[in-house]
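This report refers to the structure that appears directly beneath it.
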């Protein structure tokens, strides 16, 4: 994964790693944007459209979403007002993740203004929010986005480009160049602005602004990822353990404190990390023998006799799962995909 720190109002710094793919220019705008552009902007030329036709002269001028838009987001963003850290296991170690709920693998375009350096590398313009054209409740919405870089020209003077139509207009008037695909996916779930994310370092990280059809909405930037071969979000497995005929050993699924530590954020779920980084997981249900001690037995969310995917399954190519003999009594791969980004490991000397 190319690292992106959690993108909130307290932290707008992004860092594109050296493993970012070489940009590939597009001669036309993505099909997903074409309908909006056609509806809002007719044939344009540099002489026909003056620069002043952009609606907002600065980012600060862009209004917040309407009450109706916020209510739509609130009803469909799949999260409550607080997004807790949840615990699970991978590779024999405890890991932490956030649950943004069910999500499809498909992607939509997201536009990021950049300045091109003398070395030909793009640098994100952090003071200008990303631009999207879909929010929770819209048909086809997804929290996963194909990133398009939009190079600004010397004519751009901080004007707000607050919609896909604005982007097309800005290109026609020479404020920006043609967007090009960055070779990256971004996990950027749109949420209600009152939502707060709990992290290792903070109990309440607010979301960051993002522009949508001329207004400001809110999102969390949870990371850049390499696309799957089909261009969509790659998928791996998360195994939800239970005993035969019993409930999942997952406090979040049951809403019950099964480890006695006064929260409902612990589980014995197993993430299949190391198969290519992704935030999108297929839920696999597995029943294990009664004599295997899990976190509900140990009453310690960090102690389990099954803390590694390889304890239960042979190494095989996904999506086939071959159980280790005697370790899995029942197996149910589901069609449910969930957006659960993994919290990065702490730096040496940091907290746990």
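Here are the numbers:
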item: Hydrodynamic radius by Kirkwood, which averages 1/r over all alpha carbon pairs of region 180-327, in angstrom; result: 18.0 Å
item: Kirkwood Rh, Cα atoms: Rg over Rh of region 160-246; result: 1.12
item: Overall dimensions of region 91-209 by Cα: Rg and Dmax, Å; result: 16.6, 56
item: Mean Cα-pair separation over length for region 235-339, i.e. relative contact order, pairs under 8 Å, 6 or more apart, %; result: 31 percent
item: Label point distance in nm, residue 76-residue 119, each placed 7 Å from Cα along Cα→Cβ; result: 4.2 nm
item: Cα centroid of region 80-130 to Cα centroid of region 232-247, whole Å; result: 23 Å
item: At q = 0.19, 0.23, 0.25, 0.26 Å⁻¹, base-10 log of I(q)/I(0) for region 201-254 (Debye sum, equal scatterers on each alpha carbon); result: -0.96, -0.95, -0.97, -0.99
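Since every read-out is calculated from the coordinates, none of them should be taken as a lab result. Just so we're clear, the structure is a prediction, and the values are computed from it rather than from any experiment. In this analysis, Cβ positions are derived from the backbone assuming ideal geometry, glycine residues included, and neighbour counts consider all displayed protein chains.
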